[in-house]
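Sharing a structure here in structure tokens format.
Just so you know, all these numbers are worked out from the coordinates, no wet-lab data involved. Worth saying up front: this structure is predicted, and the values here are computed from it rather than measured. Every residue, glycine among them, receives a Cβ derived from its backbone with ideal geometry; neighbour counts consider all protein chains shown.
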Amino acid sequence: MDKLELKALGKINLGLDVLGKRENGYHDVRMVMQTVYLYDQIWMVKTKEPGIRLSTNLFYLPVNENNLAYRAAELLMKEFGIQEGIKIILDKHIPVAAGMAGGSSNAAAVLFGMNRMFSLGLSQKELMERGVSLGADVPYCIMRGTVLAEGIGEKLTPLPPMPRCFVLLAKPSISVSTKMVYEKLDSHEIAKHPDIDGIIEGLKGRDLLSVAACMGNVLEKVTVEAYPVINEIKEVMKKQGALNAMMSGSGPTVFGLFDDKKKAKKAAFKIREMQLARQTYVTGVHNTRRR
Ligand SMILES: C[C@@](CO)(OP(=O)(O)O)[C@H](O)COP(=O)(O)OP(=O)(O)OC[C@H]1O[C@@H](n2ccc(N)nc2=O)[C@H](O)[C@@H]1O
Ligand SMILES: Nc1ncnc2c1ncn2[C@@H]1O[C@H](COP(=O)(O)OP(=O)(O)O)[C@@H](O)[C@H]1O
């Protein structure tokens, strides 16, 4: 196979709890992850000249080893002594530094693509073991769907699929560093842990309303302190009929779950009109796992 086209999908966290901190600074988490149908497009083409060449539509993203897509290709090229080269064209649509795992998803797609194109014979588990060295969310981005993620995010248990709904994503024009948010959390007392088991029960019962009711994210308080606009967006979404609204990951993207597409679109319009966020997307959940 000389050429491959891939979709790298974004995620939201329906629940995010932090249980403790490890000596290396990483945190033990308990999260319910959900893939959404907002994606970056990736083209991979084999080249005769050795090495990796990456290009992207976003001028401010690195195109060297600081890009997670580049690093994913490099990791497998080195391990397997691949002599040919690879050209990667990355068309970004997932907001950057937004709590939607865009970079991790790009890395996951490239690992998957390299395995296919160069017939490396790695199982999904073996790809995930390599993926975690690139980022805690990479193994999940390889698996996709509705998943309970524990450990630092790499211990994955598939869950029943999220019931069909509309997801409104709103990304205010600020960028958040995941590392800083986790660090700031350490100086906070976690007053209320989200009901992760309640979300899981809701998923088992195919009950969208109880999943929505149990949503919670311990990182939200930290990011909201710096950026109150996150709360303003949540309030608009709820007022416009969201079943619930919350910040995804370390933020600042806010998502709202809706059972009605018109309401989701109206909420998006309001958020843009009030200039709370310029980037808004109405999309859905994506429950197909990668094979
Ligand atoms: C918060 C979450 C929730 O899904 O997502 P994002 O907001 O990044 O999308 C993840 O835990 C982010 O995963 P990911 O972004 O892959 O993390 P990494 O690149 O491995 O780590 C970035 C930094 O976050 C901190 N980190 C990350 C994961 C974890 N379990 N504990 C941590 O303390 C570490 O300080 C690390 O240096
Ligand atoms: N392929 C990539 N896509 C997006 N960001 C990338 C990529 N490679 C490296 N980065 C860097 O990683 C940081 C985190 O980006 P991203 O994965 O979009 O956010 P998050 O960790 O919040 O989900 C960005 O600041 C960006 O400079």
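How big, on average over all directions, is the shadow cast by the Cα convex hull of the chain, in nm²?
Working: hull surface 58.3 nm².
In nm², the orientation-averaged hull projection of the chain is 14.6.
Dipole magnitude of the chain about its Cα centre, charges +1 at Lys/Arg Cβ and -1 at Asp/Glu Cβ only, in debye to the nearest 20?
Numbers: 40 positive and 31 negative charges, 212 e Å.
It comes to approximately 1020 debye.
Something else: For a quick check, take a GNM of the chain with Cα springs below 10 Å and name the residue from Asn66, Asn106, Asn217 with the largest mean-square fluctuation.
Maximum fluctuation in the GNM of the chain, among the listed residues, is at Asn66.
Would you work out the relative contact order for the chain, in percent, from Cα pairs under 8 angstrom that are 6 or more residues apart? Display every interim value, and only then the final one.
Details: 663 pairs, mean separation 65.3, N = 291.
Computed over the chain, the figure is 22 percent.
Straight distance only, please: which lysines reach the Cα of Lys3 with their own Cα at less than 22 Å, same-chain residues fewer than 8 apart left out?
Lys46, Lys48, Lys78, Lys87, Lys92
In whole Å, what three semi-axes, largest first, describe the equivalent ellipsoid of the range 3-158 built from its Cα gyration tensor (square root of 5 times each eigenvalue)? The partial results should precede the final answer.
Working: eigenvalues 137, 57, 39 Å².
Calculated on Cα positions only, the semi-axes equal 26, 17, 14 Å.
What is the range 118-213 by shape, rounded, prolate or oblate, if you read a ≥ b ≥ c off the alpha carbon gyration tensor as root eigenvalues and call it rounded for a/c under 1.5, prolate for a/b larger than b/c, and oblate otherwise? Write down the numbers at each step before the final one.
Working: a/c = 1.69, a/b = 1.14, b/c = 1.48.
Here the range 118-213 falls in the oblate category.
Which of Leu134, Leu61, Leu243 moves most in a GNM of the chain, Cα contacts under 10 Å?
Checking each option, the largest mean-square fluctuation is seen for Leu61.
When Asp17, Asp28, Asp137, Asp40 are ordered from fewest to most other Cβ atoms inside 10 Å of their Cβ, what list results?
Numbers: Asp17 21, Asp28 15, Asp137 28, Asp40 24.
Least crowded to most crowded, the residues run Asp28, Asp17, Asp40, Asp137.
How do Tyr70, Tyr182 line up, fewest other C-beta atoms within 10 Å first?
Details: Tyr70 22, Tyr182 18.
Ranking Tyr70, Tyr182 by Cβ neighbours within 10 Å, fewest first, gives Tyr182, Tyr70.
How would you rank 147-153, 224-230, 108-114, 279-285, highest first, on the average number of other Cβ atoms within 10 Å across their residues? Intermediate values should be presented prior to the final figure.
Details: 147-153: 19.7, 224-230: 16.3, 108-114: 27.1, 279-285: 18.0.
Top of the packing list down: 108-114, 147-153, 279-285, 224-230.
Can you tell me, using C-alpha contacts under 8 Å and at least 6 residues apart, the relative contact order of the range 3-158 as a whole percent? All intermediate terms of the calculation are to be shown ahead of the outcome.
Working: 322 pairs, mean separation 43.7, N = 156.
For the range 3-158, the relative contact order is 28 percent.
Using a cut-off of 18 Å between alpha-carbon atoms, which lysines can reach Lys125, once sequence neighbours fewer than 8 places away in the same chain are excluded?
Lys155
In the range 222-268, what is the volume of the convex hull around the alpha carbon atoms, normalised per residue and reported in Å³?
Values: hull volume 2.8 nm³, N = 47.
It comes to 61 Å³ per residue, whole-number rounded.
Here's something else I'd like to know. Hey, what do the phi angles of the range 116-124 turn into as Karplus ³J(HN,Hα) couplings, whole Hz, using 6.51/-1.76/1.60 and θ = phi - 60°, x for Gly and Pro?
Result, ordered by residue: 5, 5, 9, 6, 7, x, 7, 6, 4 Hz.
Another question, if that's okay. Which whole-percent values make up P(r) of the range 212-291 when all C-alpha to C-alpha distances are grouped in 5 Å steps starting at zero?
3, 16, 26, 24, 18, 9, 3, 1, 0
Using a Gaussian network model on the chain with a 10 Å cutoff between Cα atoms, which of Gly131, Gly145, Gly85 fluctuates the most?
Top of the fluctuation ranking is Gly85.
Using the 10 angstrom Cβ neighbour count as an exposure proxy, how do Cys141, Cys214 rank, fewest first?
Details: Cys141 29, Cys214 22.
Fewest to most other Cβ atoms nearby, the residues stand as Cys214, Cys141.
Sticking with this structure for a sec: Trypsin sites (Lys or Arg not before Pro), restricted to the range 188-228: which are DSSP loop and have at most 14 other Cβ atoms within 10 Å? The partial results should precede the final answer.
Working: sites: Lys192, Lys204, Arg206, Lys221; in loops: Lys192, Arg206.
Filter output for the range 188-228: Lys192, Arg206.
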